[in-house]
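Okay, structure first, notes after.
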Amino acid sequence: MASLLSTIFGCFQKKEKVNDLPTWLETHFPGQLVVVNNIVNLDPMNLFIKEKNTILADKNDPEVQIKVKWFKKEEGLGLNVAEVQSSLDKARKDVKAARMIFDALKKNGLEKFSVSVIEMAAYILLYEEPYPELRKSNLIKILSAIDALPDHAQTSIWIEWMEPSAYQQEFKDIIPYGYWQRGDSYHDRNKIMGLDFEWSPGLKADILNTGWAISIKSDRSLSFKTDAYNAASAWATKNLSSPFYLEKDQMITIGPDDEDPLAIEFQFPYFTSKPDTTVSGFEDNALGHVRVVYQTDQKTFGKIKKIKNDE
């Protein structure tokens, strides 16, 4: 009986080890990889397929990170040793390239920034107020630094201005791969504006500098809504026929201005009277919208006009 129990218990132990990611890692990559976090999958289908995605880091160099997809009930977790090793090799190569670019930018006078490389793409996050003159001077530094690199494979360049308060809160000089996989809105909420382009030797900063675009998903952009409403309301009082009601909270449209990439367009619906916003479909009774545009460099509200629903 004791022997039988020992055999059964041993089988359970083996099964538990097979279905345990840290154990699999220690078996195939002893002392090399550690679990950083699991990526939350909200897809209802995952209730059936039970797929798991996990960020792993090099134990001796935590900025080197990879994502692995595994299945708890599959033999060997459905993982392939060669594929994991290949992902790890690529991640080490990307981090090495990111450090090379970071050092070049630092040497060229860039301040308060972080760098990430994913294959052919380089991401440079800047953490200062994006004043026009600073945007241009930093762009010049970035272009000259990249031009001077003796050898680099990164030709897709993404430059993004982030909230200064976010500087080194989530990472330091190098942006780990796991940051881009977190799945929440942290990056969008803290991104002020961005510029992306395909690099080639001799690009002119004056030309590229016109390509900055404001991020309409940021907390900063959303914070302009109240002032935009006040401007729209003042205009509506003078230009809309009474009676009318201008809604300030529900069914507000926020988007980029088609004519100015550094401007934000707000549209506020108006009605003949205040609707019951708890009733589904209340927005169908809107007569139209009052549009107002906020220019982020000039800090002005303008281009206000009425847009009828049938236009």
Mind listing just one residue for me: the one in segment 199-223 that is open to solvent by 60 Å² or more (accessible area, probe 1.4 Å) and hydroxyl-bearing (S, T, Y) and, of those, farthest from L134 (Cα to Cα)? S223
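For residues that are part of a loop (DSSP other than H, G, I, E, B) and in contact (Cβ under 8 Å) with a residue 40 or more places away in the chain, scanning just segment 180-193, find the one that is surrounded by the fewest Cβ atoms within 10 Å (Cβ to Cβ).
This residue is G183.
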List every residue pair whose Cβ atoms sit under 7 Å apart, with the two residues 6 or more apart in sequence or on different chains, where the first one lies in segment 120-140 and is farther than 30 Å from K90 by Cβ and the second, anywhere, is among the charged types (D, E, K, R). E128/K112; P132/D297; L134/E128
Strands (runs of 3 or more DSSP E) wholly inside segment 75-165 that include at least 1 residues being open to solvent by 20 Å² or more (accessible area, probe 1.4 Å) and more than 17 Å from P176 (Cα to Cα): 156-162
Please enumerate the residues belonging to segment 166-179 that are open to solvent by 30 Å² or more (accessible area, probe 1.4 Å) and part of a strand (DSSP E or B). none
How about segment 223-237: which of its residues are part of a helix (DSSP H, G or I), touching a strand residue (DSSP E or B) at 6+ places or on another chain (Cβ under 7 Å) and of a type in the set (A, V, I, L, M, F, W, C)? A228, A231, A232, W235, A236
Search segment 46-57 for residues being in contact (Cβ under 8 Å) with a residue 60 or more places away in the chain and surrounded by 17 or more Cβ atoms within 10 Å (Cβ to Cβ), and hand back the single one that is nearest to the chain's Cα centre (by Cα). I55
Checking the structure you have, find out if any residue of segment 251-262 is in contact with a helix residue (DSSP H, G or I) (Cβ under 9 Å, 6 or more places away or on another chain) and without any contact (Cβ under 8 Å) to a residue 12 or more places away in the chain. no
Could you please give the count of residues in segment 58-74 that are free of Cβ contacts under 8 Å to residues at least 40 places away in the same chain and open to solvent by 50 Å² or more (accessible area, probe 1.4 Å)? 4
Assess whether D196 counts as being surrounded by 13 or more Cβ atoms within 10 Å (Cβ to Cβ) and outside any loop (DSSP other than H, G, I, E, B). yes
Out of all the residues in segment 252-287, which are among the small types (G, A, S) and modelled with pLDDT under 95? S273, S280, G281, A286
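The values are calculated or read from the model by the stated rules, or taken from the named source; none is laboratory data. Since this is a predicted model, take the numbers as computed values, not measurements. Positions of Cβ are backbone-derived with ideal geometry, glycine not excepted, and every protein chain shown enters the neighbour counts. In case anyone asks, the SASA skips ligands and DNA or RNA and just uses the protein heavy atoms, side chains included. Shrake-Rupley method; radii C 1.70, N 1.55, O 1.52, S 1.80 Å.
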